[in-house]
Amino acid sequence: MKRTKIKKILTGLPAGEEIVVKGWVRTKRESKNAVFIALNDGSTIHNLQIVADPAQFTEEVLKKVTTGASLSVSGVLVESQGKGQSIELQAAVIQVTGEADPEAYPLQPKRHSLEFLREIAHLRPRTNTFSAILRVRHAMAYAVHTFFHEKGFLYLNTPILTASDAEGAGETFKVTTLDLEKVPRNEHGEIDFEQDFFGRETNLTVSGQLEGELAALAVSEIYTFGPTFRAENSNTTRHLAEFWMIEPEMAFYDITDNMDLAEEMLKYVVKYALEHCKDDLEFLNERELQEEKNKAQAERNELSLLERLAFVVENDFERISYTEAIDILRQSTPNKKKKFQYLIDAWGADLQSEHERFLVEKHFKKPVILYNYPRDIKAFYMRQNEDGKTVAAMDVLFPGIGEIVGGSQREERLDKLVQRMDEMKIPREDLWWYLETRKYGTVEHSGFGLGFERMIQFVTGMGNIRDVIPFPRTPGNCEF
Ligand code: 4AD
Ligand code: MG
């Protein structure tokens, strides 16, 4: 007989049905007349209760049914006598497919710390919290694709191996096949990348944007959704060395169209999660409430996870210029009382996460889109405004996260773009192909990047970005 997944059993199979179920034991409880096994197969947060009559099974089999062991069980579904479930499986045959020595198995049926679970990332998907996150992550990826597909955007695969550093921040991981013991040198004593695999210096991509623009300037609207690599040495709860980014790029969009699209997309995916991940989000909501009991009042969220998600879907984001934000921050209590780590004194300062979160969580109490940033703190490709000092950049700031989206209208005027590249010492010859799109049939266009893991953090309420990607890569950590 084919196995039936637990989600299907719990959401609709009638009593009397004969089935086979396969999964991993969460807990076992024994009474005189019955053994109760909670089995989970990851298709849902809920376990299937299996009831075994100890008289029908050998001691040897029942002894092997321990937390973490894998089972194949056949039997008949019956209406449950107990509380907590409406249906349960009366076991006829129990096959222990893989034992899990209870002395050695690291996951016990109790609450483990997230730090400990990171050390056993190979097993943490077997916990309620992580399987819920994996399911939500999947649903969010599906929602992203659905959103863009329904709008007629093309999913574009941009290269992971590249010779450019799109953001110009110099945080790339080098890619080479040169023998590091005997690195070849040219006549100037520099590393001779001509002998390297691609005949030039290459790295892992920090963004698919530049290639995304090339396609948008042909098929109008595209998006990328791929892995992104940044060697920034920031050990924070919001940075990964390998993360996934969604980068839409649209011809004939100005900065306002860009903001409208970002807001619509964020609302769409959050709404999708609320509608399609109900059980998992209710579990994560409860989990957060429990965690917050150990926190000081000031550190607790004013709204619960589910309330925060509904809030984002139902309310317009606040849109203010960088200049207005600086005025608010300068006048703010934490700035005056020197509570910010980085005090805001002058226009032109780069905003830190503490400032972004102040604006979102304390001042406006809603998501904020900041636009028109000083050009000196932004990338070369952003469109220069008439004032001569700002660019048409936009960042979306979210509660608990800070920056979740970064984007801009792009500089479509060849002369202005080249002038800015020269000022920032970006060699024209490296980006000759990018410049040609401005030479031939250039048009107004815009785009942005959404950090997928930061989005998952928001939707799941997880405080640390290492807990929303299956196998996190951070400075000093590339296990699994
Ligand atoms: O603001 P960023 O650097 O923008 C770009 O890369 C543009 N090329 C996007 C575009 O316009 N097409 O990154 C975009 C988003 C950030 O807002 C953040 O959510 C996420 O990517 N991000 C990271 N997420 C996890 N770990 C990191 N190290 C991240 N760096 C950026
Ligand atoms: Mg940014």
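List of remarks:
- Some residue of region 132-142 being in contact with a Ser or Thr (Cβ under 7 Å, 6 or more places away or on another chain), in contact (Cβ under 8 Å) with a residue 24 or more places away in the chain, over 17 Å from Ala38 (Cβ atoms) and surrounded by 16 or more Cβ atoms within 10 Å (Cβ to Cβ): yes
- Residue match in region 439-461 (condition: charged (D, E, K, R), farther than 28 Å from Tyr142 by Cα and loosely packed, with under 14 Cβ neighbours inside 10 Å): yes
- Unmet criterion (only one of (1) touching a Phe, Trp or Tyr at 6+ places or on another chain (Cβ under 6 Å); (2) assigned by TED's automatic domain parsing to the domain that holds Leu431; (3) among the charged types (D, E, K, R); (4) more than 11 Å from ligand 1 (Cβ to nearest atom)) for Arg200: (2)
- Test: residue in region 321-331 that is at pLDDT 95 or above and part of a loop (DSSP other than H, G, I, E, B): no
- Every residue from region 58-75 that is part of a strand (DSSP E or B) and among the hydroxyl-bearing types (Ser, Thr, Tyr): Ser70, Ser72, Ser74
- Region 88-110: number of residues that are assigned to a strand (DSSP E or B) and of a type in the set (Phe, Trp, Tyr): 0
- Restricting attention to region 360-386, the residues that are acidic (Asp, Glu) and near ligand 1 (Cβ under 9 Å from one of its atoms) add up to 0.
- Filter pass, Arg454 being out of contact with any Asp or Glu (no Cβ under 6 Å at 6 or more places or on another chain), part of a helix (DSSP H, G or I) and within 16 Å of ligand 2 (Cβ to nearest atom): yes
- Residue check for Ile377: touching a residue at least 12 places away in the same chain (Cβ under 8 Å), of a type in the set (A, V, I, L, M, F, W, C) and within 30 Å of Leu309 (Cβ to Cβ): no
- Being under 26 Å from the mean Cα position of the chain (by Cα) and more than 10 Å from ligand 1 (Cβ to nearest atom) is not true of Tyr223.
- Residue check: Arg185 meets all listed conditions (1) modelled with pLDDT of 95 or more; (2) surrounded by 14 or more Cβ atoms within 10 Å (Cβ to Cβ); (3) among the charged types (D, E, K, R) but one, namely (2).
- Residues of region 329-358 satisfying the condition of being out of contact with any Gly (no Cβ under 7 Å at 6 or more places or on another chain) and either in contact (Cβ under 8 Å) with a residue 40 or more places away in the chain or closer than 23 Å to Asn235 by Cα (or both): Lys339, Phe340, Gln341, Tyr342, Leu343, Ala349, Asp350, Leu351, Gln352, Glu354, His355, Phe358
- Region 234-266, residues that are within 16 Å of the chain's Cα centre (by Cα), within 15 Å of Glu403 (Cα to Cα) and more than 16 Å from ligand 2 (Cβ to nearest atom): Thr237
- Only one of Glu286, Glu264, Glu249, Glu211 that is in contact with an Asp or Glu (Cβ under 7 Å, 6 or more places away or on another chain) and either in the same structural domain as Phe458 (by TED's automatic domain parsing) or within 16 Å of ligand 1 (Cβ to nearest atom) (or both): Glu249
- Region 387-406: number of residues that are over 21 Å from Thr236 (Cβ atoms) and either within 15 Å of ligand 1 (Cβ to nearest atom) or surrounded by 19 or more Cβ atoms within 10 Å (Cβ to Cβ) (or both): 5
- The set of residues in region 143-153 that are loosely packed, with under 15 Cβ neighbours inside 10 Å and outside any helix (DSSP H, G or I) contains only Gly152.
- Flag: Thr129 does not match the condition of being within 18 Å of Trp24 (Cα to Cα), out of contact with any His (no Cβ under 7 Å at 6 or more places or on another chain) and exposed (fewer than 14 other Cβ atoms within 10 Å of the Cβ).
- Filter pass, Leu450 being more than 14 Å from ligand 1 (Cβ to nearest atom), assigned by TED's automatic domain parsing to the domain that holds Leu284 and within 18 Å of Ala392 (Cα to Cα): no
- Yes/no for Lys439 being more than 14 Å from ligand 1 (Cβ to nearest atom) and more than 27 Å from Asn233 (Cα to Cα): yes
- Selection status of Glu411, farther than 25 Å from Phe311 by Cα, among the acidic types (Asp, Glu) and surrounded by 19 or more Cβ atoms within 10 Å (Cβ to Cβ): yes
- For the criterion of being assigned by TED's automatic domain parsing to the domain that holds His239 and in contact with a strand residue (DSSP E or B) (Cβ under 8 Å, 6 or more places away or on another chain), Lys337 fails.
The values are calculated or read from the model by the stated rules, or taken from the named source; none is laboratory data. Not measured: the values here are computed from a predicted model. Positions of Cβ are generated from backbone atoms using ideal geometry, with glycine treated the same way; all protein chains shown enter the neighbour counts.
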